[in-house]
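The values are calculated or read from the model by the stated rules, or taken from the named source; none is laboratory data. Model, not experiment: these values are computed from the prediction. No Cβ is skipped: glycine too gets one built from the backbone with ideal geometry, and neighbour counts run over all protein chains shown. Areas reflect the complete protein model, heavy atoms only, side chains present, ligands, DNA and RNA absent. Shrake-Rupley method; radii C 1.70, N 1.55, O 1.52, S 1.80 Å.
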Amino acid sequence: HVYPGTGALLSTLIHSTQRTPLVMGKPNTPMLDCVMQKFHLDPTRSCMVGDRLDTDILFGIKGGVSTLCVLTGVADEASVLSPSAPQATYYMPSLGDLFELAQ
């Protein structure tokens, strides 16, 4: 099955209502702002972890937090190292590798 992305659905709403919505999802910052405020998180001690450069990592970059891209999903090492892609602060093969680093 192929399902339309949020952008396609929003386009229909924008056209029919002639209004521009406030987009809350990644990579837009309102959602991160709410999370940071609700949980009293310090951006200098926070890190966005994800496997997509264009949503998860860009979300962290726009929100002013460090980012960790894990290579267990969409992104691979070549895309993480591409100068044209959003640049993650850190990357590693999998989140499980954090356990090894902590040993």
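Some observations on this one:
- THR6 versus MET31: modelled label distance in nm, points set 7 Å from Cα along the beta carbon direction: 0.4 nm
- All-pairs alpha carbon distance profile, the chain, 5 Å steps from 0, percent: 2, 12, 18, 18, 17, 16, 9, 5, 2, 1, 0, 0
- Degrees between helix 6-17 axis and first principal axis of the chain (Cα, 0 to 90, nearest 10): 20 degrees
- Helix 29-38 axis, angle to the chain major axis (alpha carbon atoms, nearest 10°): 60 degrees
- Largest GNM mean-square fluctuation across GLY50, GLY60, GLY73, computed for the chain with C-alpha springs under 10 Å, falls on GLY73.
- Where labels lie 7 Å past Cα in the beta-carbon direction, separation of HIS15 and LEU98 in nm: 4.2 nm
- Signed unit charges on C-beta, dipole axis of the chain, positive-most listed residue LEU32, LEU58, GLN87: LEU32
- When +1 charges are put on Lys and Arg Cβ atoms and -1 charges on Asp and Glu Cβ atoms, the dipole computed for the chain relative to its Cα centre reaches about 520 debye.
- Using heavy atoms of the protein chains and a probe of 1.4 Å, the accessible area assigned to SER84 is about 110 Å².
- Taking the accessible area of the chain, probe 1.4 Å, and keeping the other protein chains in place, the carbon and sulfur fraction comes to 60%.
- In the chain, helices alone account for a calculated mean residue ellipticity at 222 nm of -10000 deg cm²/dmol, with every DSSP H run of four or more residues adding -39,500 (n - 2.57).
- The chain, accessible area per residue, ligands and nucleic acids excluded (1.4 Å, Å²): 72 Å²
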